[in-house]
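Worksheet for the structure shown next.
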Amino acid sequence: MKLLPNVYMVDSPTGANCYLICGEGETTMIDVGMGRNAPKVSALLREADVPVGGLRNIVITHAHHDHFQAAPFVKKAEGGRLMVHELDADHVAGKKAMPKHHGGMRVVFWLISPMLKVTPVDVDGTLKEGDVIDALGGLQVLHLPGHTVGNISLYSPSRKVLFCGDTVGNRNDELDVPFQYKFSREECDRSFERLAKLDVEALLPGHGSPIIHDANEAIRKFAAEHVKK
């Protein structure tokens, strides 16, 4: 499904929203979803006329299963370098367990744990604050911890497009924190404040519907309501 010039989204993804950038720099997937989502990623690549082997980058916004479980299957079928922030890389590669979930979410994730098994996958490159990916006029890596220690968003200043991962989500047309699961509330607040300072026309979240126009107002309203004073 085409959202913007050179930007596509997997229709009805299994897991998190997954985005494709092609035709403007290196062909790049941002998140790939749960394991069963891999065929949908391949179908999206064909829809966008990307040949097998034409995928250059697979960027994972953070080390939660619903964003990267399909990564080994997508890499095998389509190629591409798998990249993730350096602080989440060992979790994606299966070298470290993720920190325990908080409160009631611990029970939820225990119940769905059979669905969250991950095939180990090699991380081909690590990312950090200030890195730029050659896609969509230059995608800036923003390290926005809080949801996880290595949580990132990707921002195109020239296009005013923000791929925010799970930094924020869109729930019933209101921005919110996905699943109310936060590694650090204090770091979340600092990350929200950073988002509010960006100039964003289109906000493409990890969960919920994209906001294609005038996203600034929604982001600033969210930050004003959620940051602890």
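Values quoted throughout were computed directly from the atomic coordinates according to the rules given, and no laboratory measurement underlies them. Values in this document were obtained by computation on a predicted structure and should not be read as measured data. Quick reminder, even Gly has a Cβ in these numbers, built from the backbone with ideal geometry, and neighbours come from all protein chains shown.
Mean residue ellipticity, 222 nm, helices only, the chain: the sum of -39500 (n - 2.57) across DSSP H runs of n ≥ 4, divided by residue count and rounded to 500, is -7000 deg cm²/dmol.
Of the labelled figures (i) 30, 21, 15; (ii) 24, 22, 19; (iii) 24, 22, 16, only one reflects semi-axes √(5λ) of the Cα gyration tensor in Å as derived from the coordinates, namely (iii). For the residue pairs LYS75/LYS96; LYS96/LYS221; LYS95/LYS197; LYS96/LYS128, alpha carbon separations beyond 29 Å are given by LYS96/LYS221; LYS95/LYS197.
Listed values for the stretch 77-83 are Karplus-derived 3J(HN,Hα) couplings in whole Hz (6.51 cos²θ - 1.76 cosθ + 1.60, θ = phi - 60°), namely 7, 10, x, x, 8, 8, 10, and x replaces Gly and Pro. Modelled label positions at SER184 and ASP49, each set 7 Å beyond Cα in the direction of Cβ, lie 4.6 nm from each other.
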